[in-house]
1. Report, by residue number, each residue of the stretch 245-261 that is without any contact (Cβ under 8 Å) to a residue 40 or more places away in the chain and either more than 18 Å from Thr346 (Cβ to Cβ) or outside the structural domain of Leu410 (by TED's automatic domain parsing) (or both).
2. Output the residues belonging to the stretch 307-330 that are of a type in the set (Gly, Ala, Ser), exposed (fewer than 13 other Cβ atoms within 10 Å of the Cβ) and under 19 Å from Glu274 (Cα atoms).
3. Give the stretch 283-331 a look and list any residue that's without any contact (Cβ under 8 Å) to a residue 12 or more places away in the chain and not in a loop (DSSP other than H, G, I, E, B), or say none.
4. One residue is enough: does the stretch 122-130 have a residue meeting the conditions outside the structural domain of Pro26 (by TED's automatic domain parsing), β-branched (Val, Ile, Thr), surrounded by 11 or more Cβ atoms within 10 Å (Cβ to Cβ) and modelled with pLDDT of 85 or more?
5. Condition check: more than 23 Å from Gly279 (Cβ to Cβ), at pLDDT below 95, among the aliphatic types (A, V, I, L, M) and in contact with a helix residue (DSSP H, G or I) (Cβ under 8 Å, 6 or more places away or on another chain). Does Ile362 satisfy that?
6. Select from the stretch 331-364 the residues that are closer than 13 Å to Gln384 by Cβ and buried (at least 18 other Cβ atoms within 10 Å of the Cβ) and list them in ascending order.
7. Of all the residues that make up the stretch 38-66, how many are surrounded by fewer than 18 Cβ atoms within 10 Å (Cβ to Cβ) and of a type in the set (Gly, Ala, Ser)?
8. Only one residue in Arg107, Arg78, Arg101 is modelled with pLDDT of 80 or more and among the basic types (Lys, Arg), so which one is that?
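The values are calculated or read from the model by the stated rules, or taken from the named source; none is laboratory data. Being a predicted model, the structure only gives us computed values, none of them experimental. Cβ placement follows ideal geometry from the backbone for every residue including glycine, while neighbour counts extend to all protein chains displayed.
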Amino acid sequence: MSAAPTTEPPPAFRGTLLICDDEEGPRLSLRVVFKDEYNLLLASDGRQAIELAQQHRIDVAVLDIRMGGMSGIEVLERLKFIDPHIEVVMMTAFETADTMRQALRLRASDYINKPFDIATMRAAVGNAFHRRSLAGEIQDSAEQLNHLMAELQNQKVEEQISRTRGDIYASIIHDINSPLTVISGYIQMMNERIGVANQLEVEDLLFIKDNLKTITRQVTNCIEISRRYLGFLRRQSEASTIVGVNQLLTDLAELVRVHPSVQNNEFSCTPLAEDVTVGVNGTDLIQILLNLCTNAFQCTQQVHRVEVSGEVLGEPIAPAQIHDGPNDRWLNIESFDNTVPLLKLTVRDTGPGIPAEVLPKIFDAYFTTKSTRNGTGLGLSIVQRLVKAAKGLLHVHTQAGAGTAFTIYLPARRKD
């Protein structure tokens, strides 16, 4: 019967210790002391020590202060520049208050006089490795926390996008109910007129014919609305979904008309003089414009006006035009497809404008100047994300007392 295979424990982690001294004796002495505990790197001058730190991950370094060429203080400063978390033990036979102050200012972990005591040196290096280990654990924990926070933020943004998309589809279903109500009413009218008749007069036939035309028109509206938005839903993951802009502006106007944010404010939505298509999912474009409209309506409690307008540009955006200023911010510049024709859509309000200290923050997730009951701080963050996914450019222009305009630029196609 063969013995069960044994699993060897993984080798213990061995940190890396850099020893830099221009005298061979101390270098070799320290090598003998620490060779069984750490991975050792030996340097005879500061330049060699810097090169080793650039090529290897150094945990702790033991440096002589007085060396030919580059001093130990200079090496300490360079090592901290390469990796701020390297722990450094300084040693010298010529201790001065000035060198001690410099070493402490550069965050040396310990300071030992030559000739050194082995026990003292072991304790200093051991403490330095312990500090390095704690710093690494703190850094790892911070990175994990940042990663979790980023995941949580992305998840909340995606949930908000899905929630808004669901609201859009619920509104579309609501819109379908209107023509269905018309259809139901006309059918009821025809039933009342001909339900008990044994024969139809010419006037009855004309009445039915006219009503059937109206019913047919309303049925066609229902079919078009349902097909269009079901198509958007099914093609949600496709890279290039062709969308007619004027139809979406019409649908946007219907959504805004019943939106609770409108209240007593004025609203207008002007179609394009030349209709175009864009490679954006229909609900995404509506969500962009709806979020911007909602944001515009909520910018002040005073009655004001919100306008949606657009145009088709035959020239690309000039690079000189794209620059931030006290009243302007440009976003998604790196991913923008500046290919003509370009669709320019603007949501403009006559509100109070955005304060200069607030403007740089408005697209940060969860940033809001509204109460928690009126805003999540995700609306503009979602706008930026969706515009970026469409390879579009986003521009904000604001002026105190004169309102704000959010403009998006998207690659477009002219209709055949």
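1. Once the filter is applied, which keeps residues that are without any contact (Cβ under 8 Å) to a residue 40 or more places away in the chain and either more than 18 Å from Thr346 (Cβ to Cβ) or outside the structural domain of Leu410 (by TED's automatic domain parsing) (or both), the stretch 245-261 yields Gln247, Arg257, His259, Pro260, Ser261.
2. If the condition is that a residue be of a type in the set (Gly, Ala, Ser), exposed (fewer than 13 other Cβ atoms within 10 Å of the Cβ) and under 19 Å from Glu274 (Cα atoms), then Gly314 is the only one that fits.
3. Narrowing the stretch 283-331 to residues without any contact (Cβ under 8 Å) to a residue 12 or more places away in the chain: 301, 318-321, 323-325.
Pro319, Ala320, Gln321, Gly325 - these are the residues of the stretch 283-331 that are without any contact (Cβ under 8 Å) to a residue 12 or more places away in the chain and not in a loop (DSSP other than H, G, I, E, B).
4. yes
5. Yes; evaluated as a whole, the condition is true for this residue.
6. Scanning the stretch 331-364 gives Leu331, Asn332, Phe336, Ile362, Phe363.
7. Qualifying residue count for the region: 1.
8. Values: Arg107 fails: modelled with pLDDT of 80 or more; Arg101 fails: modelled with pLDDT of 80 or more.
Selected residue: Arg78, the only one of Arg107, Arg78, Arg101 that is modelled with pLDDT of 80 or more and among the basic types (Lys, Arg).
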